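In what follows, a structure is listed as structure tokens, so that the remarks can point back to it.
The values are calculated or read from the model by the stated rules, or taken from the named source; none is laboratory data. Fair warning: this is a prediction, and the values are worked out from it, not measured in the lab. Neighbour counts are summed over all protein chains in view; Cβ atoms, including those assigned to glycine, are modelled from backbone coordinates with ideal geometry. Calculation scope for accessible area: heavy atoms of the full protein, side chains included, ligands and nucleic acids excluded. Shrake-Rupley method; radii C 1.70, N 1.55, O 1.52, S 1.80 Å.
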Amino acid sequence: MLNKKSVKDADVKGKRILVRVDFNVPLDGSTVTDDTRIRAALPTIRYLVDHGGRVVLISHLGRPQGGVFEKEFSLAPVQRSLERLIGRDVKLLEGNLENESTVRDAIDAMSDGEIVMLENIRFYPEEKANDLAFARQLASLGDLYVNDAFGAAHRAHASTAGVAEYLPAYAGLLLAREVDTLVAMLRDAPTPFVGILGGSKVSDKFGVIERLIDVVDTLLIGGGMAFTFLAAQGHGIGKSLVEVDWIEPAKEMLAKAHEKDCNLILPIDIVVADAFAEDANTRIVGIDEIPDDMMGLDIGPATCELFKGEIAQARTIYWNGPMGVFEMDAFAAGTESVARAVAHNNAATSVIGGGDSVAALKKFGLEDQVTFVSTGGGASMRLVEGKPLPGVEALLDA
């Protein structure tokens, strides 16, 4: 479990508290279209406010160039959304940190229980570079630091790791829950434990595959990454996505799964198409029947039934990655089938590893029917791999 001090271990009354949150949310113009990450941070913000803290929120949004203010990446829409959700005023401090007197004066004028928000921290190139002078400048604005941005905890940036060099640093409630949930899943999961991995590339999730083989009873693999494994088994895959350089490592993983008595299951049928398009010509074929001029874009109905049977028996489920190109309705059936199977297994603890899996649950209206949804795809994968998270390592030990 998390062996770091929590925000509940800190005396926050009257203190200026820099709180790194992950408000990197989708926007449609000036409107937040999915406020999940904002809602996830509310318990920590409310705790600090209720205990007399003076809360200074720090977040990134999108991928600005850095070095200049870019209106499309302003946190103003997030500030308005947060005000509505928390029922309090939240002041966006628009002053530039390089000429910080306006920002510093506003923070020094705060009263207990007030909330302000700095502008997008990635407007500063020093953020991603983890420039320690910039981190020290940030730290000078506060008395304590709280990291509640699990979705950015795998990044060693100035606001996620560097600032902890200069201030007492604590875990927020969301970050602590994320780490505790994922660590408990890996250490003490009720069995059968079924892992489900999808997405396009084996290379993106090779470390996760390797770790899950050590801990799960069954590992279901779909999505584009399945074709690299099918190629490793000698199947023809037509024009389907394949990472040639990862075929040999895939063979090694198949051998490891056999040695570890992990039941690694690949698709047995595929929805193939003649183009990567919603209106493409499609058909369902067995894995030995993929035409040379077609590509696989979803798992087939027989595979859906096979996967559903394994999921129904599970008592722990970890799912990360779609089974096909679910954004297109023509290739969404496999992902929907898996999502519904996970959601309908009420006897299992189901952990969703962020990213596209969460988007799929939302698309099918199932996000409230699983046990835990991670707010950080990259961070959750890194933690499952067993690698350290710089944003967690930087915090005070318990």
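Contact map, segment 106-133: first residue of a type in the set (S, T, N, Q), second residue open to solvent by less than 10 Å² (accessible area, probe 1.4 Å) and part of a helix (DSSP H, G or I), Cβ cut-off under 9 Å, separation 6 or more or different chains; pairs are 130/162. Of the residues in segment 342-350, at least one is assigned to a helix (DSSP H, G or I) and surrounded by fewer than 23 Cβ atoms within 10 Å (Cβ to Cβ). Taking segment 266-278 as the range and being of a type in the set (A, V, I, L, M, F, W, C) and more than 17 Å from residue 200 (Cα to Cα) as the test, only 268 passes.
Residues that are part of a helix (DSSP H, G or I), closer than 18 Å to residue 146 by Cα and open to solvent by less than 20 Å² (accessible area, probe 1.4 Å) within segment 49-81 comprise just one, 49. Residue 368 meets all of the listed conditions (1) closer than 21 Å to residue 26 by Cα; (2) more than 15 Å from the chain's Cα centre (by Cα); (3) part of a loop (DSSP other than H, G, I, E, B) but one, namely (3).
A single member of 184, 189, 156 is surrounded by fewer than 24 Cβ atoms within 10 Å (Cβ to Cβ) and touching a Pro at 6+ places or on another chain (Cβ under 8 Å), and it is 156. The sole residue among 308, 239 that is closer than 30 Å to residue 380 by Cα and basic (Lys, Arg) is 308. The set of residues in segment 255-267 being surrounded by 15 or more Cβ atoms within 10 Å (Cβ to Cβ), among the hydrophobic types (A, V, I, L, M, F, W, C) and assigned to a helix (DSSP H, G or I) consists of 257 alone. Of the residues making up segment 208-218, those that are open to solvent by less than 20 Å² (accessible area, probe 1.4 Å) and either part of a helix (DSSP H, G or I) or modelled with pLDDT under 95 (or both) number 4.
Here segment 365-398 is the region considered, the condition is being of a type in the set (S, T, N, Q) and under 14 Å from residue 175 (Cα atoms), and the residue that is most open to solvent (accessible area, probe 1.4 Å) is 375. What do you reckon, is residue 88 of a type in the set (Lys, Arg), within 22 Å of the chain's Cα centre (by Cα), closer than 27 Å to residue 26 by Cα and outside any helix (DSSP H, G or I)? Judged against the criteria, residue 88 is not a match. If you check 305, 327, 289 for being open to solvent by 40 Å² or more (accessible area, probe 1.4 Å) and part of a helix (DSSP H, G or I), only one passes: 305.
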